[in-house]
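The values are calculated or read from the model by the stated rules, or taken from the named source; none is laboratory data. Quantities reported herein were computed from a predicted structural model and do not represent experimental measurements. Neighbour counts run over all protein chains shown; Cβ positions are idealised from the backbone, glycine included.
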Amino acid sequence: MNVKTVKIVALGDSLTVGETGFSVSDESTSYPEYLEALAKQHLANLRLSVGVNVLNRGINGDLTSGMLERFSTDVVEEKADYVVILGGANDIGWGFDPAMIAHNLTTMYDGALNKGIVPVACSVPSILGFDELIPPRIHLNGMIHTQAEKRGVHFVDFFTATADPQTNRLSEDYSADGLHLNTKGYQQMGKCMFDKWLRVLLDENTK
């Protein structure tokens, strides 16, 4: 088998950056970092000579419009094989229409597909302490899921993975400040992404 390195770009905002600047512990963790570690451990256990490189292209405070503007530089020019797209939390905080946010996200899905890059669509995690911002998240996530299905794009549900199922709020176990996640929360996101998408992808491509 030829040795291959799978390049994944994680595109997003502070939820992709991770705990940098928002840390509640001495350990700084991002979901892309943990995702890469899980993938490498999985491949090592299978004794397969396949590389996985997850590039963190999150920017604190970024909007989906900003992600769209830097898509060519941060994704296309990186010659990514896959791009994980997580955005919309800041747009919702600024009161933007979920339909407009979804449009920006789907433009990125289509842009990736047109360049031969496989996109992965993600739901926006919930929030704790700002209940009025939960319904627009649920509305946006529904549109993301629908548009991903229409395009045959894989959808990973970060909202369900990190929310309290009784309240739809971000679980206290995973919250750093109500909006950002703590180390445990970002590890949960990485595990969700690995279990729901990357593990299957690696297993299928290394048979």
Out of all the residues in the stretch 133-141, is one or more under 30 Å from Lys40 (Cβ atoms), crowded, with 18+ Cβ neighbours inside 10 Å and in contact with a Phe, Trp or Tyr (Cβ under 7 Å, 6 or more places away or on another chain)?
yes
Check whether at least one residue in the stretch 85-98 is of a type in the set (Asp, Glu) and either in contact with a Leu (Cβ under 7 Å, 6 or more places away or on another chain) or modelled with pLDDT under 95 (or both), and report yes or no.
yes
Just for the stretch 105-132: of the residues that are over 15 Å from the mean Cα position of the chain (by Cα), buried (at least 17 other Cβ atoms within 10 Å of the Cβ) and not small (Gly, Ala, Ser), which one is farthest from Arg57 (Cα to Cα)?
Leu128
Only one residue in Val17, Val52, Val24 is under 16 Å from Lys191 (Cβ atoms) and either at pLDDT below 95 or in contact with a Phe, Trp or Tyr (Cβ under 6 Å, 6 or more places away or on another chain) (or both), so which one is that?
Val52
The stretch 146-167: number of residues that are under 19 Å from Pro32 (Cβ atoms) and not aliphatic (A, V, I, L, M):
6
Any residue that is out of contact with any Leu (no Cβ under 9 Å at 6 or more places or on another chain), more than 23 Å from Leu128 (Cβ to Cβ) and not polar (S, T, N, Q) - is there at least one of those in the stretch 154-176?
yes
Answer yes if at least one residue in the stretch 161-182 is within 13 Å of the chain's Cα centre (by Cα) and in a helix (DSSP H, G or I), and no otherwise.
yes
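Is it true that Thr64 is polar (S, T, N, Q) and either farther than 25 Å from Phe194 by Cα or under 14 Å from the mean Cα position of the chain (by Cα) (or both)?
Numbers: polar (S, T, N, Q): yes; either farther than 25 Å from Phe194 by Cα or under 14 Å from the mean Cα position of the chain (by Cα) (or both): yes.
Here the answer is yes, as Thr64 does meet what is asked.
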Would you be able to tell me the number of residues in the stretch 141-160 that are touching a residue at least 24 places away in the same chain (Cβ under 8 Å) and not in a strand (DSSP E or B)?
11
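Please go through the stretch 34-49 and give me each residue that is out of contact with any strand residue (DSSP E or B) (no Cβ under 7 Å at 6 or more places or on another chain), under 24 Å from Leu11 (Cα atoms) and not polar (S, T, N, Q), ordered by number.
Result: Tyr34, Ala37, Leu38, His42.
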Out of everything in the stretch 67-103 that is of a type in the set (Gly, Ala, Ser) and either over 16 Å from the mean Cα position of the chain (by Cα) or over 19 Å from Ala121 (Cβ atoms) (or both), what residue ends up being surrounded by the most Cβ atoms within 10 Å (Cβ to Cβ)?
Gly93
Among residues belonging to the stretch 27-47 that are within 15 Å of the chain's Cα centre (by Cα) and among the polar types (S, T, N, Q), point out the one that is modelled with the highest pLDDT.
Ser30
When Thr160 is evaluated against the numbered criteria (1) buried (at least 16 other Cβ atoms within 10 Å of the Cβ); (2) modelled with pLDDT of 95 or more; (3) within 22 Å of Asp91 (Cβ to Cβ), which criterion, by number, is the only one it fails?
(1)
Selection from the stretch 162-207 of residues that are of a type in the set (Asp, Glu) and touching a strand residue (DSSP E or B) at 6+ places or on another chain (Cβ under 6 Å):
none
